[in-house]
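The values are calculated or read from the model by the stated rules, or taken from the named source; none is laboratory data. The shown structure was predicted, so the numbers you read here are calculated from the model rather than taken from an experiment. Positions of Cβ are generated from backbone atoms using ideal geometry, with glycine treated the same way; all protein chains shown enter the neighbour counts. Note: areas computed on protein heavy atoms with side chains; ligands, DNA, RNA excluded. Shrake-Rupley method; radii C 1.70, N 1.55, O 1.52, S 1.80 Å.
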Amino acid sequence: MSPFFMIVIFVISTIVGYKLIRNVPSLLHTPLMSGMNALSGITIIGALSATGAAVRTGNRLFGFLAIFLAMLNVSGGFAVTHRMLGMFRQKEAQNE
Amino acid sequence: MSDMVYYILCSFLIIGVLCGIALMSKVKHSLKGNLLSSVCMALAILITLYKYNIMSDLSLWICIAAGLVMGLWGAYKVKMINMPQVVAMLNGFGGAASAIVASIALLENQTANLFSFITGGIALGVGTVTLTGSLVAGGKLQGILPQKPVFWKKHSFIISSSLMIIVMSVLAIAISGTDRTILSVMVALCVVFSGFFGLAFTIRVGGADMPITISLLNSLSGVAGAIAGMVISDPLLISVGGVVGASGLLLTQIMCNAMNRPLKDILLGKSTVGSQGTGHGNSDESVTNISEQEAPEPMNSEKETQKTDPAAILSEAKKVIIVPGYGMALAQAQEQVKQLTDKLEEKGAEVLFAIHPVAGRMPGHMNVLLCEVDIPYEKLCEMDEINPRFKECDVALVVGANDVVNPAANTAIGTPIYGMPVLEVDKARHIIICNYDLKPGYAGVENPLYRRKEGVTLLLGDARDTIEKLISKIQTGL
């Protein structure tokens, strides 16, 4: 994939993301942030591919650490977001 | 799997993630949005394992499982008040993972051309800055590190020179090419100085400015991921990283606007103060309080300036607006606030909450705390929505907020809060302020409301005790 194309992807995603996130009410900013946090754990796919291809033992061990941290980021982020959003949802059910 | 198939799958996943974010714009659909995003993430992991033929690599699965279990366990253990620290730590982990990805790609010669060498260096730097910056931010929020901005001698010089060294090491990584020795040395140099840079720049940000720092670190963790994606040519990583970067940047922008302070000033630790609403004047005090998770001892509980009985005023009020601040979080008074709300509603009053965008230690902090104690989110109003309603309300009850309700923001030219949009509690018929003491808030600007003779009742001391007393008085007054 050419560098130019990659930068284009980056710029477009940033703009689209910015537009979408602007619609999120400030009420939900904490869950939004932890959700984004979870998404930043997408780096796990980089960790997996780099570690899978790594041959030197030291690098592999480092890679394991990266996978662990990224997965912690992903699961912790999504779970905490789920928990918080659940608190918001509850009230709605009560009010209906 | 051919590249083409992979790219098509990636674009589906990206659309899925974006739809998930779009669903977050309504509280009703937000849970679905989060689930959609997490499903996309799970698919992305499986597709990657399949694509690189590493499905059968058991050690990778063990790492995934360990991270998964730890993450879920932590997420269900954490208390809502500690959420800012948790978010900070998770940011740091994401940044660290991206930095490691970049370093493996560099050291394993998985990088093919100049572009991937340069991006590798940048990802390494940004990822490490995110890690150490988040550790310091988390430490400050947890109260392990001093909340006050820490200044070193020649702080700005140290920061700019380490930045220079980082840039040079990235360039050196790019030209070193396949020479492993130089490459390893430069990678180490880049990591050490980026780590130091992250520390140096977060340490001089005050505790009350943490909402901004966390948003910024959130953005950086995304950017680190996106650049790591460029190193290994992965469109999914680039795209999602970019989205996260944008989100963090947007939140940073919102916070800065709400404080009416340029980002630069906050990062430079200017005016040793933030503009946080809290009843505490001394930030060192809050350090101990946060770390011990305990309510502060009341010093001179409601003995002065009590002209009219606040309980009587509240009992008769028809419209009440409650303004929570970080002081409420410190005193852990949410539960009491909820009880008071119920009591007042029983008496037929309408109770609303006014949430300032920077109240608390992270964006939306107050909303989460209040929702946790079952206060319906419809009652939590944003500043623009609630401000016109103060003039028609009978009582504005301020719980542990200071700077965000300080009318001096409109008049005191030259002070840190001048021009900051505030909640206009001074328009209310009567104001009851439950703060810890009369000291100015973090911004260090005295609040004229404290000295106003008419229509203001000050209840000093721990917010939890104060509100408990109010509740029992209202009850006995029945």
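Worth pointing out:
- Residue tally, condition within 15 Å of the chain's Cα centre (by Cα) and surrounded by 24 or more Cβ atoms within 10 Å (Cβ to Cβ), over region B:64-85: 3
- Helices (runs of 4 or more DSSP H) wholly inside region B:147-238 that include at least 3 residues being closer than 28 Å to B:MET83 by Cβ and either touching a Gly at 6+ places or on another chain (Cβ under 6 Å) or among the β-branched types (Val, Ile, Thr) (or both): B:180-203, B:210-231
- Single match in B:GLU350, B:GLU335 (criterion: charged (D, E, K, R) and in contact with a strand residue (DSSP E or B) (Cβ under 6 Å, 6 or more places away or on another chain)): B:GLU350
- Selection count, region A:57-71, where residues are without any contact (Cβ under 8 Å) to a residue 24 or more places away in the chain and at the interface with chain B (Cβ under 7 Å from one of its Cβ atoms): 9
- The C-beta contact set for region B:359-377 (first residue closer than 13 Å to B:PRO84 by Cα and more than 7 Å from every other protein chain (Cβ to nearest Cβ), second residue among the aromatic types (Phe, Trp, Tyr) and not in a loop (DSSP other than H, G, I, E, B), distance under 9 angstrom, 6+ apart or interchain) comprises B:ALA359/B:TYR326; B:GLY360/B:TYR326; B:ARG361/B:TYR326; B:MET366/B:TYR326; B:MET366/B:PHE353.
- B:ASP403 among the charged types (D, E, K, R) and either outside the structural domain of B:ALA354 (by TED's automatic domain parsing) or farther than 28 Å from B:VAL27 by Cα (or both): yes
- Checklist (1) away from chain A (no Cβ under 12 Å); (2) surrounded by 24 or more Cβ atoms within 10 Å (Cβ to Cβ); (3) over 15 Å from the mean Cα position of the chain (by Cα); (4) not charged (D, E, K, R) applied to B:LEU237, failing item: (1)
- Of the residues A:THR43, A:THR51, A:THR81, the single one that is at the interface with another protein chain (Cβ under 7 Å from one of its Cβ atoms), surrounded by 24 or more Cβ atoms within 10 Å (Cβ to Cβ), farther than 22 Å from B:SER38 by Cα and of a type in the set (S, T, N, Q) is A:THR51.
- Within region B:98-128, being more than 7 Å from chain A (Cβ to nearest Cβ), aliphatic (A, V, I, L, M) and in a helix (DSSP H, G or I) holds for B:ALA99, B:ALA102, B:LEU106, B:LEU114, B:ILE118, B:ILE122, B:ALA123, B:LEU124, B:VAL126.
- A count restricted to region B:385-412 and to residues that are open to solvent by less than 10 Å² (accessible area, probe 1.4 Å) and part of a helix (DSSP H, G or I) stands at 7.
- Within the set B:VAL337, B:VAL320, B:VAL351, the sole residue that is farther than 22 Å from A:PRO25 by Cα, in contact (Cβ under 8 Å) with a residue 12 or more places away in the chain and in a strand (DSSP E or B) turns out to be B:VAL320.
- Residue in region B:7-24 that is within 9 Å of another protein chain (Cβ to nearest Cβ) and closer than 18 Å to A:MET87 by Cβ present: yes
- Of the criteria (1) assigned to a helix (DSSP H, G or I); (2) within 7 Å of chain B (Cβ to nearest Cβ), which one A:ASN23 fails: (1)
- Residue within region B:206-215 that is of a type in the set (A, V, I, L, M, F, W, C) and open to solvent by 10 Å² or more (accessible area, probe 1.4 Å) present: no
- Filtering region B:87-97 for residues that are at pLDDT 90 or above, over 25 Å from A:MET84 (Cβ atoms), within 8 Å of chain A (Cβ to nearest Cβ) and open to solvent by 10 Å² or more (accessible area, probe 1.4 Å) leaves an empty set.
- Per-region count, region B:175-190, residues under 14 Å from B:GLY125 (Cβ atoms) and surrounded by fewer than 21 Cβ atoms within 10 Å (Cβ to Cβ): 2
- Test result for B:ILE433, outside any loop (DSSP other than H, G, I, E, B), under 28 Å from the mean Cα position of the chain (by Cα) and not acidic (Asp, Glu): yes
- Close pairs from region B:70-97: first of a type in the set (S, T, N, Q), partner open to solvent by 10 Å² or more (accessible area, probe 1.4 Å) and assigned to a helix (DSSP H, G or I), Cβ under 7 Å, at least 6 apart: B:GLN85/B:GLN142
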